[in-house]
Amino acid sequence: MKRLLLSLAVCMMIVAPVLSAHGAEKPITVGFPMYLSGGGAVFGKPSSQGAMMYVKEVNDAGGVLGRKIELIVRDCSGSPEEATRVAKELINKNNIDFLVGGLTGSQGFALSEVAKQEKILYIAPISKPAEICEPPKLHKYVFRAAANTKTEGRSAAVLMSKLPITRIATISPDYSYGQGVTAAFVERIKKLKPEVEIVHQAWPKLGETDYTPFITVLMASKPEAVFCSLWGGHFITFTKQAKDYGLFEKFKFVSAGEGGCIESIKGAGDDMPLGIISNAYDTFYYPDTDWHKDWVARCKAYTGEEYPSSWMGTGYDAMKFLVEAIKKAGSTDTDKVIQALEGLIIDSTAGKLTMRAKDHQATRGQYWGTVAKVAEYPFPILQPVEYIPADDLMD
Amino acid sequence: MSYDLPFITIQILTGLTNAMFIFLIASGLSVIFGVQGIINFAHGSFYMLGAYMTHQCVSLFIHSPHRFWAAVVLAPVVVALFGGLIERFLLRRLYGREELTQLLFTYALVLILGDVIRIFWGIEQFSVSRPPVLKGAVEIFGQFFPKYNIFILIMGPCVAFLFWFFMLRTRWGRMIRAAAQDRETLNALGVNVNRLFTVVFILGTWLAALGGALVAPATSIKPGMDIDVIITAFVVVVIGGLGSFWGTFLGSIIVGIVYSLGILVFPRLSIVFIYVIMILVLIIRPWGLLGRPLTLER
Amino acid sequence: MTKIEKWTVLAILIIIALIPVYGSRFFVFLFTDILIFGLFALSLNLLLGYTGLVSFGHAAYFGIGAYTCALLIKKAGIDFMLSLLAAGLFGAVGALLIGFFCVRLTKIYFAMLTLAFSQIIWAIAFKWNALTGGDNGIMGIDFPPYLDSKVKFFYFVLVVFTTSLIILRTIVNSPFGRVLVAIRENPARTEFIGINVKRFQLLAFIISGFFASVSGGLFCMFNHSVFPSFCNWSMSAEVLIMALLGGIYNFFGPVIGAGLLLYLRMESTSFTAYWPLILGTILCLLLFFFPGGIAGFVQDRFQKWRAAK
């Protein structure tokens, strides 16, 4: 038994170099490292599904430039060095032509660096820190299809400025994303409504398990409204703990971090606070246009889920930007595709998006709305809801 | 913002609640180490399993208003029995081997259990709500204090006293304490120490899963929750002194209070609080607050 | 080391050195990674296998090394090789400061204190945005002009690795090394015969920290970026598993463990999403069937074969 195990291991190691040789005409390969195990998997998985669905649609229609697209999805969990390692493996072993992926902000930076070093085109479908696409970290090979901390914070500020309040408290996880979104929010709300006062800023650590000491301090500062950028499981834990303090009844609540996505709403269960304002990348129930209904139907058919995830669009649109750019360039040469991608406009799952040439960011807005119970669905949805475009919020 | 006395009182109560949450999670770890000398990394995994099982039980009895209580009773028992099986058929083979081996095994358990949970329940986030009788808040000094927090504030010391009573006053408790002191002699006296250790492991796992069940209404049930708590659990057990059950209780209180008051003074340094506490404690008292020097050979 | 072992190691080193010649660029990448983490695991094993000190916080020095190297290169414009040396020295100093407190404790208390200090280092890297870039990390650590290709960098890493290997081997075989083993076996008795156990443990700590930091500096250049996660306990756990997998009572065990873990992970993640399950199962198999790690098993077999001749 022992000998068998050991010999198997040794054989694998000897045979492996031989297997790295390659054959003839290959498809266009795209590497897709994504957060598929652990806390972020709940968003990483649908993102990868969106990418896979798009690739299937393209391949079924004949591919691109006569070639099929091969999407290699790999788990890189949540750490940036794992993302780097997976990306480099995909580049060196699978000879990928393009790189799309990463979920956390630091993974966005890590993959951006890989792209710069390996001179390969990289599109970030989810990573939000604005600095990724700002000098000095911006370079020619990195693009972002997602929203960023600035547009998200500023959208929240726009909505907050419409409320009849002047005292605002913020609660955000104390790391790059939370700091970035909150700073953007504060800067914009002060511009829109100069009489606003930020009475308190709570900074629980990322991955906090007990928010109650922060909740009590925040409430004691007597705000009229709260801005929050906790996301995913952190948001759910926070709402469960905050509920009985009456926080959501006492104050207006605006939450960035996609609290309005189905995963967060369902994940909070009966404890999802009603009446708060939050956002999502997509809402399967809005808008009622033909192209959106078709998108939702395709998502349903592909995943088999009755209520498709709002995160599918992130992977889908990132891949669409890439493939449309390849089509426009008429080639898979990296420099030509980069040139084609700059300024490219696509019909995304959120309407028309432009990939800006000046900072390689897509004008990706989000859907914002108020959480409300409705008769049609067994869980709350955002209603009323609107799409806030990012075009005017990016600079 | 001025911090007046009512506010500080609430903040301390909040810290104590947090302390009891931590204690409920960490107590099982203390028991297993105190008696068997095993550092159970998989403790967080059993906690997570307890939470997932609670969700499962609540879903099973979805139409009953008492579903939460049923889950709190049922889930830890199921997980504890599972823990017993693991101890009996796997862990027991490693007794007598060096500590590093047992450490590595419990770490391997973390990896395996994490993925087993992922296979059964997927990557979705689940929610368990507070039972109807514990919803809402009471007013203390003009501030709201959740009823569920009061419940936890009572449960923590209850579990502690229950355990103290069990260890000090029952026959099983006496045998377990004896096994912690000198297992060879106990064996020579005709007691089946191996079976005793299974009982202890079941007890520790039961406590972990109970922690998971009681924390479930206050957290998101999702992959990675085992990792979220294991470091804190280890820290409080070490601060209190390994092998000292009351030490874990004390350690939890210190961590809870320092946390809730610390953020008033250092609002952005909460990331280091528990580590600073542990460093200070271990420098002043190398065996933890209530710990005894470890014997060289076990 | 017997003659056969010497020749085997030499042969393996030569095979590795020839990888850029006959292997794909993937293998250059993989083995650079393996050599760096092999060095990291070797440094840990000086504490773990030889001195008997279980450290849960070894990533602290890896991180100190990586950040020192990165900051010196990016902010002070200092040459890579000098930065690498400085990284090692900073790591040694860090190990001195941290080790001073840690060696006063034993067993699990020692381990938890090393963890606490490494988490403090992680927290500093995470929060000191101005210096370390926070969790956005430091990017753009480019190859120096004299190492401007991956193959050249691979050879550089191989040279650093081999040099460190020889130094560590010498240390381990010296009287100092033998005292460490005595301390591991029975600290009380060693103290009794007049050895200042704590001083020796601290020295082992410092040497271990130096080499861990060197490996961190190499990694920052390999990765071209540095992140706080380099200092996190999960990185400490990873290198600990590497050492245990390969076998901590064999000098080369940790390197084998590093190679095996990195290789197995890469192979597994290409066809399954359940790598933790596979790793956990492998560890269990190891514990129940190969208690000495892979290296222990190989050594055991080899000795049995020789005895049978």
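Pairs linking a residue in segment B:117-128 that is at the interface with chain A (Cβ under 7 Å from one of its Cβ atoms) to a residue that is of a type in the set (Ser, Thr, Tyr), with Cβ atoms under 6 Å and 6 or more positions apart or on different chains, are B:GLN125/B:SER220. Being in contact (Cβ under 8 Å) with a residue 40 or more places away in the chain, farther than 19 Å from B:GLY34 by Cβ, assigned to a helix (DSSP H, G or I) and aliphatic (A, V, I, L, M) is a property that holds for B:LEU264. Of the residues C:LEU147, C:LEU165, C:LEU202, the single one that is within 17 Å of the chain's Cα centre (by Cα) and in contact (Cβ under 8 Å) with a residue 40 or more places away in the chain is C:LEU165.
I'd like to verify a number: residues in segment A:90-134 that are more than 19 Å from A:ILE338 (Cα to Cα) and facing chain C (nearest Cβ under 7 Å), how many?
Count: 7.
Conditions tested, residue by residue: (1) within 13 Å of chain A (Cβ to nearest Cβ); (2) touching a Leu at 6+ places or on another chain (Cβ under 9 Å); (3) acidic (Asp, Glu).
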{"site": "B:ALA80", "(1), (2), (3)": "no, yes, no"}
{"site": "B:ARG92", "(1), (2), (3)": "no, no, no"}
{"site": "B:GLU99", "(1), (2), (3)": "no, no, yes"}
{"site": "B:VAL110", "(1), (2), (3)": "yes, no, no"}
{"site": "B:ILE154", "(1), (2), (3)": "no, no, no"}
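Look at C:ALA59 and say whether it is in contact with a Leu (Cβ under 9 Å, 6 or more places away or on another chain) and closer than 13 Å to C:GLY209 by Cβ.
no
Any residue in segment C:246-254 that is more than 12 Å from chain B (Cβ to nearest Cβ) and touching a Pro at 6+ places or on another chain (Cβ under 8 Å)? Within segment C:246-254 (the criterion being more than 12 Å from chain B (Cβ to nearest Cβ) and touching a Pro at 6+ places or on another chain (Cβ under 8 Å)), the answer is yes, since at least one residue qualifies. Suppose the filter is surrounded by fewer than 19 Cβ atoms within 10 Å (Cβ to Cβ) and in contact with a Phe, Trp or Tyr (Cβ under 6 Å, 6 or more places away or on another chain); does A:GLY330 pass it? The answer is no for A:GLY330. For segment A:245-263, residues that are within 8 Å of chain B (Cβ to nearest Cβ) and either in a helix (DSSP H, G or I) or buried (at least 24 other Cβ atoms within 10 Å of the Cβ) (or both) total 1.
Conditions tested, residue by residue: (1) assigned by TED's automatic domain parsing to the domain that holds A:PRO136; (2) surrounded by fewer than 23 Cβ atoms within 10 Å (Cβ to Cβ); (3) closer than 30 Å to A:PRO136 by Cα.
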residue: A:GLY343; (1), (2), (3): yes, yes, yes
residue: A:ILE346; (1), (2), (3): yes, yes, yes
residue: A:ALA350; (1), (2), (3): yes, no, yes
residue: A:ALA372; (1), (2), (3): no, yes, no
residue: A:PRO378; (1), (2), (3): no, yes, no
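On inspection, C:TYR109 fails the criterion of being part of a helix (DSSP H, G or I), more than 8 Å from every other protein chain (Cβ to nearest Cβ) and not polar (S, T, N, Q). Of the listed requirements (1) on the phi > 0 side of the Ramachandran plot; (2) touching a strand residue (DSSP E or B) at 6+ places or on another chain (Cβ under 6 Å), B:PHE145 misses just one: (1). Scanning segment A:224-244 for residues that are surrounded by 22 or more Cβ atoms within 10 Å (Cβ to Cβ) and either of a type in the set (D, E, K, R) or over 28 Å from the mean Cα position of the chain (by Cα) (or both) returns A:LYS240, A:LYS243, A:ASP244.
For segment C:18-50, a residue qualifies if it is in a helix (DSSP H, G or I) and either more than 30 Å from C:CYS231 (Cα to Cα) or among the acidic types (Asp, Glu) (or both), and the qualifying residues are C:ILE19, C:PRO20, C:VAL21, C:TYR22, C:ASP33. Taking A:THR149 as the residue in question, decide whether it is more than 9 Å from chain C (Cβ to nearest Cβ), touching a Lys or Arg at 6+ places or on another chain (Cβ under 6 Å), crowded, with 24+ Cβ neighbours inside 10 Å and among the β-branched types (Val, Ile, Thr). So A:THR149 fits the description; yes.
Within segment B:230-286, the set of residues being of a type outside the set (A, V, I, L, M), in contact with a Gly (Cβ under 8 Å, 6 or more places away or on another chain) and either closer than 21 Å to B:THR14 by Cα or within 14 Å of chain A (Cβ to nearest Cβ) (or both) comprises B:GLY240, B:TRP246, B:GLY247, B:THR248, B:PHE249, B:GLY251, B:SER252, B:GLY256, B:TYR259, B:SER260, B:SER270, B:PHE273.
Considering segment B:132-154, and only residues there that are closer than 21 Å to B:MET53 by Cβ and crowded, with 20+ Cβ neighbours inside 10 Å, the residue that is farthest from the chain's Cα centre (by Cα) turns out to be B:TYR148.
Among the residues of segment C:139-154, those that are crowded, with 16+ Cβ neighbours inside 10 Å and in a helix (DSSP H, G or I) comprise C:LEU147, C:LYS150, C:PHE153, C:PHE154. Only one of the numbered conditions (1) part of a helix (DSSP H, G or I); (2) buried (at least 20 other Cβ atoms within 10 Å of the Cβ) is not met by C:THR162, and that is (2). Restricting attention to segment C:274-293, the residues that are crowded, with 18+ Cβ neighbours inside 10 Å, at pLDDT below 85 and either assigned to a loop (DSSP other than H, G, I, E, B) or at the interface with another protein chain (Cβ under 8 Å from one of its Cβ atoms) (or both) total 1.
Residue-by-condition table, conditions (1) within 12 Å of chain B (Cβ to nearest Cβ); (2) assigned to a helix (DSSP H, G or I):
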residue	(1), (2)
A:ALA184	no, yes
A:LYS191	no, yes
A:PRO194	no, no
A:HIS200	yes, no
A:GLY207	yes, no
A:ASP210	yes, no
A:PHE214	yes, yes
A:MET219	yes, yes
A:LYS222	yes, no
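Taking only segment A:46-74 into account, find how many residues are outside any helix (DSSP H, G or I), within 12 Å of another protein chain (Cβ to nearest Cβ) and crowded, with 22+ Cβ neighbours inside 10 Å. Residues that pass the stated criteria total 2.
Considering only residues that are within 14 Å of another protein chain (Cβ to nearest Cβ) and without any contact (Cβ under 8 Å) to a residue 40 or more places away in the chain, look in segment A:266-298 and name the one that is farthest from A:ALA256 (Cα to Cα).
A:ASP270
A:LYS266 falls short of the stated requirement of being assigned by TED's automatic domain parsing to the domain that holds A:PHE379, buried (at least 24 other Cβ atoms within 10 Å of the Cβ) and of a type in the set (Lys, Arg).
Scanning segment B:267-291 for residues that are outside any helix (DSSP H, G or I) and hydrophobic (A, V, I, L, M, F, W, C) yields B:LEU269, B:ILE271, B:VAL272, B:TRP287, B:LEU289, B:LEU290.
Which residues, counting only those in segment C:124-144, are of a type in the set (A, V, I, L, M) and free of Cβ contacts under 8 Å to residues at least 24 places away in the same chain? Passing the criteria: C:ILE124, C:ALA130.
Conditions tested, residue by residue: (1) polar (S, T, N, Q); (2) at pLDDT 95 or above.
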{"position": "A:GLU305", "(1), (2)": "no, no"}
{"position": "A:SER310", "(1), (2)": "yes, no"}
{"position": "A:LYS328", "(1), (2)": "no, yes"}
{"position": "A:GLU342", "(1), (2)": "no, yes"}
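The values are calculated or read from the model by the stated rules, or taken from the named source; none is laboratory data. Worth saying up front: this structure is predicted, and the values here are computed from it rather than measured. Ideal geometry is used to build each Cβ from the backbone, glycine not excepted, and the neighbour counts take in all protein chains shown.
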